[in-house]
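The values are calculated or read from the model by the stated rules, or taken from the named source; none is laboratory data. Since we're looking at a predicted model, the values are computed, not measured. Cβ sites come from the backbone with ideal geometry, for glycine too, and all protein chains shown count toward neighbours. Ligands, DNA and RNA are excluded from the accessible area calculation, which covers all protein heavy atoms including side chains. Shrake-Rupley method; radii C 1.70, N 1.55, O 1.52, S 1.80 Å.
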Amino acid sequence: MMAERKTKTRTKTRTFHDDLADATEDLIERGFHVVPIRTFNPQDPKGAKAPAMPSGYIDDPLHETDAKTLAKVRAGSVDGIAVVCNARSLHEFKGTTYLLTALELEGRAMTPEFESEWREAAEHVGAGDLLRRLDRGWMEDTAGGGRRWFIRVPVPAESPVDADDSAECATVSKRNETAATEILRLVPRIAAVRQDGTYAELLVTKHQTIVAPSGERTHPTGGSWTRTVDSEPAVVSVTDLYLLADLLAQVDEVGGARADLAHSPLDRASGRVRQVATDFHRKVTTETTVETLCANGFRLARTESDGTAVLDLVANPGHGEVRVGGPHLPPGGVFTFSTSASPIPAERFVSAFEIRALLDKDAKGDLEALADSMLRSGEARLNPWGL
């Protein structure tokens with residue numbers, strides 16, 4: 001009698017991309033929008049952490065981006081995902097409309113000394129209970145060694161009268177996004193900055209934020225994002241959001257991490273300083289500012305086809321990106337969204353003269369001191385008023 005053949009049942013081993021696909025589906029089901037993130041490539045001219053889309057930006061309707069993200073993850077073509085975290089992040093949770101944002105401590109802040117200072121400052125400004133509430137919500141450790149708490153902020157949103165009217169739905173959606181934008185725009189401080197860089201930041205200006213279990217080829221270190229507390233994001237009021245801004249101000253050592261978005265300090269400078277700056281701006285070029293930045297910790301990452309010079313940090317490539325010149329800025333003028341580009345203020349035009357002052361080791365951002373120095377050296381001169 002022949003022995004009965006035993007058949008082995010082969011079980012499929014779960015892969016990293018299986019876990020990433022599950023996480024992507026879970027986020028979509030919970031109402032969040034997800035974005036695929038490029039794999040890190042030092043030769044990639046657009047740098048790391050950008051959306052893995054042809055343009056490098058989120059340029060599709062978000063529900064279409066959700067589907068494309070899931071397809072890319074399942075195909076194994078990306079190792080990272082991000083959630084939309086700006087005014088477009090609006091979603092429903094328990095009958096209320098919220099936007100999604102996050103509070104982040106950078107890797108350099110993850111020391112016992114700063115942790116103690118951070119918690120003491122929180123108690124001082126009345127944010128101690130708020131931080132403990134964040135600790136019980138959605139919390140992750142980043143691939144760069146930092147920590148991130150995700151936050152839901154309620155938005156006074158309206159609903160379309162006729163949900164089948166696409167035009168009305170689009171109009172209402174835009175008004176709701178405007179309301180969310182206004183909440184984020186009025187946050188008085190978005191970062192705590194020290195001489196060696198950003199320590200803590202409210203990610204209110206980010207378009208997307210990478211989340212767990214992203215890893216492998218996503219970060220230059222090969223590290224992973226890890227969910228340390230798997231829960232819903234903490235719900236905080238707008239008042240709480242501004243309280244976190246007070247906490248950032250308490251531990252900031254540089255000052256002005258959220259500068260006036262509308263006006264340059266030159267608008268408030270003396271006529272003498274403005275005259276020196278005007279003379280400087282007549283001669284300055286984009287190349288002049290690029291040279292100044294490159295002598296102070298930045299490197300030229302690329303020059304775009306329209307002439308815009310794009311720089312990032314020598315010590316942290318892909319971070320602290322600033323744009324110089326091009327068709328949208330005066331020669332030598334600078335703009336950045338990044339608070340990692342300290343001491344350059346984020347989200348406003350910064351003139352070439354102000355850049356020179358911010359990076360000058362003697363002026364240290366003082367426009368009057370720079371003007372005095374330039375006059376003494378003969379680099380600038382005051383023109384007499386005509387009679």
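At 1.4 Å probe size, with the rest of the protein present, what percent of the exposed accessible area of segment 308-387 is carbon and sulfur atoms? Provide the component values of the computation, followed by the final result.
Values: 2210 of 3900 Å².
Looking at segment 308-387 in its full context, I get 57 percent from C and S.
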Revision key, fill the gap. Of the accessible area of segment 167-208, computed with a 1.4 Å probe and all protein chains kept, carbon and sulfur make up a percent value of 55 percent
**Study point:** Amide H contacts under 5 Å for ASN86, placed H, 5+ residues apart
**Key:** none
Practice item. Using the Karplus curve 6.51 cos²θ - 1.76 cosθ + 1.60 with θ = phi - 60°, work out ³J(HN,Hα) for each residue of segment 144-160 in order, rounded to whole Hz, and write x for Gly and Pro. Key: x, x, x, 9, 9, 10, 8, 9, 9, 10, x, 10, x, 9, 10, 10, x
Practice item. Note down the relative contact order for segment 154-311 as a percent, whole number, built from C-alpha pairs under 8 angstrom at least six residues apart. Key: 19 percent
Study note, to complete from the structure: Once amide hydrogens are built 1.01 Å from N within the peptide plane, the residues lying 5 or more places from PHE298 or on another chain with amide H under 5 Å from its amide H are VAL314
**Study point:** Under the Debye formula (equal points on every Cα, no solvent term), log10 I(q)/I(0) of segment 266-355 at q = 0.11, 0.13 Å⁻¹
**Key:** -0.29, -0.40
Review point. Which ³J(HN,Hα) values in Hz, rounded to whole numbers, follow from the phi angles of segment 342-357 under the Karplus curve 6.51 cos²θ - 1.76 cosθ + 1.60, where θ = phi - 60° and Gly and Pro get x?
Key: 3, x, 6, x, 8, 6, 8, 5, 10, 6, 4, 5, 5, 4, 4, 5
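Under the rule of -39500 (n - 2.57) per DSSP H run of 4 or more residues, summed and divided by the residues of the chain, what mean residue ellipticity at 222 nm is obtained, to the nearest 500 deg cm²/dmol? Present the calculation step by step, with values, prior to reporting the outcome.
Values: 10 runs with 125 residues, N = 387.
That comes out to -10000 deg cm²/dmol.
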**Study point:** ³J(HN,Hα) computed for each position of segment 215-231 - Karplus, 6.51 cos²θ - 1.76 cosθ + 1.60, integer Hz, glycine/proline x
**Key:** x, 6, 8, 7, 10, x, 7, x, x, 10, 8, 10, 6, 8, 10, 8, 8
Exercise for review: Enumerate the amide H contacts of VAL235 below 5 Å, restricted to partners 5 or more residues apart or on another chain; note that Pro and chain-start residues carry no placed amide H.
Suggested key: ARG152
Review point. Around GLU113, with a cut-off of 13 angstrom between Cβ atoms, what is the net charge of the other residues, counting Lys and Arg +1 and Asp and Glu -1?
Key: 0
Revision key, fill the gap. With the 1.4 Å probe rolled over protein heavy atoms, the chain has an accessible area per residue in Å² of 51 Å²
